[in-house]
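What follows is one structure encoded as structure tokens, with my remarks underneath.
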Amino acid sequence: MKNITMTLAAIALATASFSSLAATEVQSAPSGQQAIGVVSATSGNSLSSLQAKLNAKASEAGASSYRIIGASGDNHLYGTAELYK
């Protein structure tokens with residue numbers, strides 16, 4: 001019983017820490033935040049997959065938010081996002 005409680009507590013803490021590190025997508029430049037760079041990513045033919053890759057790259061770069069500024073392609077998508085902190 002003690003092991004189950006400890007395992008659940010560890011999972012809850014890990015989930016909370018990962019969600020706090022994720023960058024938030026915004027539709028316009030957030031006030032009070034400064035642009036810190038640009039990232040790009042490629043994906044198959046799914047916009048949600050491209051968005052997830054841009055989110056991951058923004059989080060890795062330490063951005064608190066990001067704004068997708070371009071996406072194009074037919075069978076292979078390319079996207080660019082501006083990062084803010």
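The values are calculated or read from the model by the stated rules, or taken from the named source; none is laboratory data. All of these numbers come straight from a predicted model, not from anything done at the bench. With ideal geometry, Cβ positions are generated from the backbone for all residues, glycine too; neighbour counts draw on all protein chains shown. Surface areas here come from the heavy atoms of the whole protein model, side chains and all, with no ligands, DNA or RNA. Shrake-Rupley method; radii C 1.70, N 1.55, O 1.52, S 1.80 Å.
Gly79 is checked against (1) free of Cβ contacts under 8 Å to residues at least 12 places away in the same chain; (2) small (Gly, Ala, Ser); (3) in contact with a Leu (Cβ under 6 Å, 6 or more places away or on another chain) and fails just one. What number does that condition carry? The failed condition is (1).
Conditions tested, residue by residue: (1) among the polar types (S, T, N, Q); (2) open to solvent by less than 70 Å² (accessible area, probe 1.4 Å).
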site	(1), (2)
Ser28	yes, no
Ile36	no, no
Val39	no, yes
Ser46	yes, yes
Ser49	yes, yes
Ala63	no, yes
Ile68	no, yes
Leu77	no, yes
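The C-beta contact set for segment 51-75 (first residue in contact (Cβ under 8 Å) with a residue 12 or more places away in the chain and at positive phi, second residue open to solvent by 60 Å² or more (accessible area, probe 1.4 Å) and of a type in the set (Lys, Arg), distance under 8 angstrom, 6+ apart or interchain) comprises Gly62/Lys85. When Ala63, Ala10, Ala56, Ala22 are screened for being in contact with a strand residue (DSSP E or B) (Cβ under 6 Å, 6 or more places away or on another chain) and either among the hydrophobic types (A, V, I, L, M, F, W, C) or modelled with pLDDT under 90 (or both), only Ala63 passes. Those residues that are among the polar types (S, T, N, Q) and either assigned to a loop (DSSP other than H, G, I, E, B) or in contact with a strand residue (DSSP E or B) (Cβ under 9 Å, 6 or more places away or on another chain) (or both), I need them from segment 32-53; list them, please. Within segment 32-53, Gln33, Gln34, Ser40, Thr42, Ser43, Asn45, Ser46, Ser49, Gln51 meet the criteria.
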